[in-house]
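Novice: Have a look at this one.
The values are calculated or read from the model by the stated rules, or taken from the named source; none is laboratory data. Remember, it's a predicted structure, so these values are computed and weren't measured experimentally. Note that each Cβ is placed from the backbone with ideal geometry, even for glycine, and that neighbours are counted across all protein chains shown. Note: accessible area is taken over every heavy atom of the protein model, side chains too, but ligands, DNA and RNA are not part of it. Shrake-Rupley method; radii C 1.70, N 1.55, O 1.52, S 1.80 Å.
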Protein chains: 2
Amino acid sequence: MVDWDDVRYFLAAAREGSVRAAAKRLGVNHATVLRRIAQLEERLGAQMFEKLPSGYRLTAAGEEVLEFAHQMEASSHLLETRVFGRDESVRGLLRVTLAPPLAAHLLMPDFADFARLHPDIEMDILSSGELANLTNREADVAIRVVYDRKTLPPNLHGLKGPEVFGGVYIARDRLAAWRAGAPDPIRWIVISSHGIPDWASAGEVGAAGVPFRTTDAEAQIVAVRQGLGMTTLPCFVGDADPLLARVPGADLHMYGTLWLLTQGETRKTKRVRLFTEFVSRRLAAYAPLLAGLSISRD
Amino acid sequence: MVDWDDVRYFLAAAREGSVRAAAKRLGVNHATVLRRIAQLEERLGAQMFEKLPSGYRLTAAGEEVLEFAHQMEASSHLLETRVFGRDESVRGLLRVTLAPPLAAHLLMPDFADFARLHPDIEMDILSSGELANLTNREADVAIRVVYDRKTLPPNLHGLKGPEVFGGVYIARDRLAAWRAGAPDPIRWIVISSHGIPDWASAGEVGAAGVPFRTTDAEAQIVAVRQGLGMTTLPCFVGDADPLLARVPGADLHMYGTLWLLTQGETRKTKRVRLFTEFVSRRLAAYAPLLAGLSISRD
DNA sequence: CATCGGTGGTGCGAAAACGATCCGGATGGA
DNA sequence: TCCATCCGGATCGTTTTCGCACCACCGATG
């Protein structure tokens with residue numbers, strides 16, 4: 001008899017394209033994936049993959065099997081969401097996925113409040129950066145900034161939040177030094193994968209020199225605080241930071257609209273309802289900050 | 001993450017209504033089913049069953065889960081049949097040789113199952129009695145009862161199966177009549193070429209009169225059913241026959257060990273591997289019956 | 001040409017799952 | 001009533017599985 005769980009390993013390997021990547025995603029050792037796939041191939045009596053030096057590639061047989069593996073996965077997800085949706089108790093696990101800056105600079109205190117308010121809810125904040133998939137039951141609630149509503153997955157239920165604006169920021173003392181006539185060039189600080197948004201202009205302060213690149217948002221913010229230059233930041237980050245100031249003359253720009261996303265059955269759960277309503281209220285209170293209206297321009 | 005294979009155990013328990021029956025069907029220990037279901041319930045965070053003294057009954061949550069478990073099973077079946085149907089090398093002839101009683105009284109339903117599972121395999125059951133020679137390519141697979149392992153041909157690849165025991169049997173109503181004091185002598189029924197095995201004693205029932213001889217095993221069994229006397233039979237024949245009973249006081253005796261024998265090149269072919277693995281699993285499930293443990297001694 | 005990060009594959013010791021076995025209790029007949 | 005036969009559950013060695021540390025190999029990169 002085929003071990004159904006082997007199909008899960010097969011599916012991961014088929015998605016990731018290599019045994020090691022699949023193992024990383026599954027949170028197990030790559031040798032385990034290797035063995036489970038070998039076992040599945042043995043029990044099915046057919047090769048699912050071509051074992052290339054560059055990784056695993058599906059054979060024709062594997063392609064056909066993949067279709068039914070997806071079916072099994074879909075049923076498995078339905079099974080889990082169904083039983084989760086039945087759970088009306090406040091106790092239990094609640095997994096929230098959101099962008100790291102939202103967690104670190106805005107909502108973490110509110111999450112803490114919520115956790116104190118409901119000690120029986122085990123909270124799991126997934127802000128590693130990857131978009132957790134609600135349909136795959138990797139999270140129960142997603143908080144995302146969406147620019148075009150049409151890009152929202154149609155199977156998710158969305159609760160609309162405030163709009164998010166961003167601006168161009170620089171360290172306060174750096175700005176003062178520039179006004180005092182300091183000659184050092186002011187550089188653009190950008191996240192490597194992003195580049196300089198086309199809407200960002202340097203305002204009255206001219207940017208010069210080569211860009212300074214960081215890999216993540218936190219390093220970017222620290223770099224700006226150090227006075228290396230200026231960068232684009234969401235207003236709720238820049239305006240809330242006492243060490244930063246907006247670059248005069250630089251315009252704000254709408255990043256998008258915040259959405260609280262929930263999925264199918266889990267939406268009915270009491271703890272999901274409690275959480276979304278709680279966060280929705282807090283977000284409404286943050287609306288001016290998010291829109292960049294919390295400070296007067298200078 | 002939920003272990004998909006746990007769903008398989010859940011499904012079996014839901015179908016059978018008890019952990020032990022599910023374990024029997026799955027061919028595992030009942031403690032295993034117990035653990036897997038407990039694990040599934042823990043990971044889903046909900047009870048699937050009411051644990052009644054009379055067995056497991058599905059809860060409302062379990063009923064809902066059952067539907068998707070069925071979906072997973074259906075996908076799993078499709079997955080397996082697809083990969084089997086895809087495998088061109090499964091087509092072809094498969095010749096199996098085994099002793100007639102094994103075919104007639106034990107394995108024929110399993111052969112039928114295998115044939116239904118693999119409609120493209122043309123099966124040839126050689127149970128005429130003569131020992132087909134694997135080395136001479138008269139058969140692809142041999143199922144034999146071997147007493148001394150050293151008598152196995154060294155060039156054959158053997159897959160060891162359960163041990164086979166035999167006992168002394170008599171018709172139930174004949175036994176009852178004897179207990180009631182019927183004066184008719186109880187005769188030994190033997191196959192002409194065999195005689196009475198030296199390990200066979202009449203137990204509490206004394207044997208009298210001349211032996212009754214038959215030429216083949218089927219006639220021997222029919223004769224015993226008619227109440228002519230008692231005879232030695234493999235337990236999987238005698239215990240499975242509702243008209244027969246063991247002679248009280250007569251001991252069991254080991255006939256030997258079942259072996260699944262394959263030869264050289266044919267062993268590598270898919271249909272041979274499929275068949276041997278299939279039969280091996282079935283044989284493992286028959287182990288208690290073959291060992292004479294399927295009924296309590298009387 | 002050396003290095004470095006990626007791949008699949010392989011032994012070995014630790015850890016988890018398993019099977020065998022026993023137990024207490026419910027249940028249905030003799 | 002007593003006994004046999006189910007049931008779920010707990011315990012205890014044993015087997016299987018897993019994670020870890022390696023290895024060889026390939027390709028890109030400096």
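Novice: So which pairs qualify, if the first residue must be in segment B:56-67 and open to solvent by 30 Å² or more (accessible area, probe 1.4 Å), the second must be of a type in the set (Ser, Thr, Tyr) and not in a helix (DSSP H, G or I), the Cβ gap must be under 7 Å, and the two must be at least 6 apart or on different chains?
Specialist: Every condition considered, the pairs that remain are B:TYR56/B:SER18.
Novice: Of the residues B:ARG20, B:ARG15, B:ARG25, only one is more than 14 Å from DNA strand C (Cβ to nearest atom), more than 9 Å from every other protein chain (Cβ to nearest Cβ) and closer than 27 Å to B:ALA284 by Cα; which? Lay out the reasoning, then the answer.
Specialist: On the way: B:ARG20 fails: more than 14 Å from DNA strand C (Cβ to nearest atom); B:ARG25 fails: more than 14 Å from DNA strand C (Cβ to nearest atom).
Result of the check over B:ARG20, B:ARG15, B:ARG25: B:ARG15.
Novice: Please go through (1) open to solvent by less than 60 Å² (accessible area, probe 1.4 Å); (2) closer than 30 Å to B:THR276 by Cα; (3) more than 9 Å from DNA strand D (Cβ to nearest atom) for A:MET1 and return the number of the only condition it doesn't satisfy.
Specialist: Result: A:MET1 passes all but (1).
Novice: Regarding B:GLU50, is this residue away from chain A (no Cβ under 13 Å) and surrounded by fewer than 16 Cβ atoms within 10 Å (Cβ to Cβ)? Before you say what the answer is, go through the steps one by one.
Specialist: Working: away from chain A (no Cβ under 13 Å): yes; surrounded by fewer than 16 Cβ atoms within 10 Å (Cβ to Cβ): yes.
The answer is yes for B:GLU50.
Novice: Out of the residues in segment A:149-183 meeting the condition of being touching a residue at least 12 places away in the same chain (Cβ under 8 Å) and loosely packed, with under 12 Cβ neighbours inside 10 Å, tell me which one is farthest from the chain's Cα centre (by Cα).
Specialist: Of the residues in segment A:149-183, the ones touching a residue at least 12 places away in the same chain (Cβ under 8 Å) are A:149, A:152-153, A:155-175, A:177-178.
Narrowing the set further to residues that are loosely packed, with under 12 Cβ neighbours inside 10 Å leaves A:149, A:155.
Details: A:ARG149: 17, A:ASN155: 19 Å.
Among those residues, the one meeting the criterion is A:ASN155.
Novice: Report every pair of residues separated by at least 6 positions or lying on different chains whose Cβ atoms are under 9 Å apart, first residue within segment A:10-39 and closer than 13 Å to A:GLU73 by Cβ, second among the acidic types (Asp, Glu) and more than 8 Å from DNA strand C (Cβ to nearest atom).
Specialist: Sorted first by the residue in segment A:10-39, then by its partner, the pairs are A:PHE10/A:GLU41; A:LEU11/A:GLU73; A:ALA14/A:GLU63.
Novice: Among the residues of segment A:21-57, which ones are at pLDDT 90 or above and in contact with a Leu (Cβ under 9 Å, 6 or more places away or on another chain)?
Specialist: Across segment A:21-57, the qualifying residues are A:ALA22, A:ALA23, A:THR32, A:VAL33, A:MET48, A:PHE49.
Novice: Could I ask something else about it? Given the criterion within 8 Å of chain B (Cβ to nearest Cβ) and among the basic types (Lys, Arg), identify the matching residue among A:ARG8, A:ARG36. Explain how you work it out, then say what you get.
Specialist: Values: A:ARG36 fails: within 8 Å of chain B (Cβ to nearest Cβ).
A:ARG8 is the lone residue from the list that is within 8 Å of chain B (Cβ to nearest Cβ) and among the basic types (Lys, Arg).
Novice: Show me the helices (runs of 4 or more DSSP H) entirely contained within segment A:14-87 in which 1 or more residues are away from DNA strand D (no atom under 12 Å from the Cβ) and within 24 Å of the chain's Cα centre (by Cα). Steps first, answer last, please.
Specialist: On the way: elements: A:19-26, A:30-44, A:60-85.
Passing ranges, in order: A:19-26, A:60-85.
Novice: Right, here's the next one. Can you pull out the residues in segment A:55-83 that are away from DNA strand C (no atom under 16 Å from the Cβ), more than 7 Å from chain B (Cβ to nearest Cβ) and small (Gly, Ala, Ser)?
Specialist: Once the filter is applied, which keeps residues that are away from DNA strand C (no atom under 16 Å from the Cβ), more than 7 Å from chain B (Cβ to nearest Cβ) and small (Gly, Ala, Ser), segment A:55-83 yields A:ALA60, A:ALA74.
Novice: Within segment A:80-88, is there a residue that is within 21 Å of B:TRP4 (Cβ to Cβ) and among the hydroxyl-bearing types (Ser, Thr, Tyr)?
Specialist: The answer is yes, given that some residue of segment A:80-88 is within 21 Å of B:TRP4 (Cβ to Cβ) and among the hydroxyl-bearing types (Ser, Thr, Tyr).
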